[in-house]
Every structure is written in structure tokens, then in C-alpha cells.
Amino acid sequence: MSTLSLLKPRVMAHPAGWCGALGLLLVVAIALLAPWITGSDPTAMIARPYLAPGQNAAHLLGTDTLGRDIWSGIAWGARLSLSIGLAAGLLTAVLGLLMGSFAGFYGGWVDNQLMRITELFQIMPSLLFTLVLVLILGPTVSTITLGIAATSWPNVARIARGEARRLRHLDFVQAGKVMGMRDSHILLVHILPNVLIPVVAMLAMLVGHAILTEAALAFLGMGDPNVISWGSMIGQGRDVLRSAGYISAIPGIAIFFTVASLSLLGRAINDVINPQRGRLQ
């Protein structure tokens, strides 16, 4: 049985892991069931604008400035937020894992060059850099995902590098070299699977960060105009915060709940993988 397969029961035994997993499961269920639990297209103007929550039984969460049902926007927006978050989180993890593992395993000039590239990306303001990339490439779901991943991988790379540097001096790696194994084989079989463990602990945090970044871009008007997202819903209510603050508050609560659930789950995974660090905190 692999180390990753052993994490599941231990994470579920953690109180924060339970809370985070249940919260995330609720959001995923709403996203998957959106066509059946909403009565309208989230882009359709189906009622009077500015209906407050509870004012109309057919639209329990109210309507926005254009008369669109907020509940439909929340349910369908969950699909986009989770999709971008997961795709950007996975792409970030892969980029950081590969860069860090190569740098830590080979060391020397390879390490120096890859870490200089990492530092170049790390010193850039991440939101501003993502915004520039989206402006250049165009505001689509794909470019937003790519932009988020391009600015988020350096932290993963540094963790992967430190773990790879530790592993390359261990006996089983040295034994592989003595037996004549190629570096590529050692990397794939011995280094990457072991470096993957701490990266998995970061994945939930990476997904949460991607959701927040997408929401910020959409709020600034740089989201994909062809889809509904929680960030674009918040942006819709930006000009009426005083008179109809619920338009921005409701999707904001959805983002907070989702990111908080991911943070709790990520904390539980980290405490399981690094129990000594968890006790110190």
C-alpha cells in the first residue's frame, strides 16, 4: 500500500480534515447538481432586479442588478471556480514539482540556473503578473488558469528542491547509482514519488489560492465574459454595495466557505505528514 493511500484514513481522523472535507463535499455536490437544483439559466434575466433575499419565494437568495437569480449564479459559478482552482492547482504542483526535483537532484549549475528562474518569478507581484498575462493572452478560462499557475509554482519548487536534495544523499538513491541506473530512472522511481508527498499537502492550499485569484481577476473585469463566476457576481454588485450589498456578499460568502474548507483540509493533510510541526504550532 502506498504512502498516499495511507493518508486518507489518517486525514479523516483529524477534526479539521472532517470539517474541510464535508465543506468541500457540499460545494462539489452543489456544482455537480447545478442543472437540477436551480430553476433557471444563471445568465437569464427572469425577475425584477434588486430582489432582496427572502423577498420572493421563487428566488430565495434574491436577484442581481440585471434580474438574474443569485442562487443559480452561485451553483453554476461553483463549477467554474472549482474547475479553475483544481486545474491551476494541479498545473502549479506539476511545474513546481518538476523544477524543484531537477534542481535538488542534480545540484550545481543546474540548481543555480533553475533557482534563478524561480526567484525571478517569485519576486514579481503575483496578481499583477497574472493580470498582465491575461491582458496579453485574452480573458478566457484557459489563459486565467495558465496565468495563475505561472505565478504560483515557485513556492512548490522550493519545497520540492529541499526534499530532493535530502533524498539524493540517502542510501537507496546511492545504491541505484552504483547499480548503474540512469538519472531519469532514479528521478522517476525514487525521487519524484517521495517528493510528491509534501507537494500533496500543499495542493488544497494551491486550489484555494487559485479560486481567490480568479475571483479577484473577475472582480477587476478580467474574467471570462462568457461564463458566470463568483468573482464576476461580486463585481456586478460593486456599484450598489450600499443599497444592495447582498449581491456581492452572497458570492463572497461562497468563496470564503470554499477556501476555508480547502484550508482546513490542507492543514489536516499537513499535520498528518508533518506531525512534529503540527504540535509545535
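Here are some notes:
- Residue check for I247: touching a residue at least 60 places away in the same chain (Cβ under 8 Å) and open to solvent by less than 30 Å² (accessible area, probe 1.4 Å): yes
- Residue within segment 60-80 that is more than 26 Å from A254 (Cβ to Cβ) and open to solvent by 50 Å² or more (accessible area, probe 1.4 Å) present: no
- Of all residues making up segment 168-199, the number that are among the basic types (K, R) and assigned to a helix (DSSP H, G or I): 1
- Looking across segment 174-191 at every residue that is surrounded by 19 or more Cβ atoms within 10 Å (Cβ to Cβ) and either hydrophobic (A, V, I, L, M, F, W, C) or modelled with pLDDT of 80 or more (or both), the one that is farthest from G223 (Cα to Cα) is identified as I186.
- Residues that are in a helix (DSSP H, G or I) and either open to solvent by 60 Å² or more (accessible area, probe 1.4 Å) or over 27 Å from L212 (Cβ atoms) (or both), drawn from segment 116-131: R116, I117, E119, L120, Q122, L127, L128
- From the list L86, L91, the one residue that fits, being part of a helix (DSSP H, G or I), crowded, with 19+ Cβ neighbours inside 10 Å and not basic (K, R), is L91.
- Cβ pairs under 9 Å, 6+ apart, first in segment 175-204 and within 18 Å of F102 (Cβ to Cβ) and among the polar types (S, T, N, Q), second assigned to a helix (DSSP H, G or I) and open to solvent by less than 40 Å² (accessible area, probe 1.4 Å): N194/A164; N194/L167
- Enumeration of residues in segment 51-89 that are of a type in the set (S, T, N, Q) and over 20 Å from the mean Cα position of the chain (by Cα): Q55, N56, T63, T65, S72
- Enumerated helices (runs of 4 or more DSSP H) restricted to segment 200-281, each holding at least 3 residues that are out of contact with any helix residue (DSSP H, G or I) (no Cβ under 8 Å at 6 or more places or on another chain) and at pLDDT 90 or above: 246-273
- Inside segment 209-230, residues that are open to solvent by less than 20 Å² (accessible area, probe 1.4 Å) and more than 14 Å from the chain's Cα centre (by Cα) make up a count of 5.
- Inside segment 1-51, residues that are of a type in the set (D, E, K, R) and either modelled with pLDDT of 70 or more or open to solvent by less than 50 Å² (accessible area, probe 1.4 Å) (or both) make up a count of 2.
- Residue match in segment 113-136 (condition: under 24 Å from P198 (Cβ atoms), small (G, A, S) and under 22 Å from the mean Cα position of the chain (by Cα)): yes
- Here V240 does not fit the description of being surrounded by fewer than 21 Cβ atoms within 10 Å (Cβ to Cβ) and either within 22 Å of V134 (Cα to Cα) or among the aromatic types (F, W, Y) (or both).
The values are calculated or read from the model by the stated rules, or taken from the named source; none is laboratory data. Nothing here was measured: the structure is a model prediction, and the numbers come from that model. Every residue, glycine as well, gets a Cβ built from its backbone with ideal geometry; the counts of neighbours run over all protein chains shown. Surface areas here come from the heavy atoms of the whole protein model, side chains and all, with no ligands, DNA or RNA. Shrake-Rupley method; radii C 1.70, N 1.55, O 1.52, S 1.80 Å.
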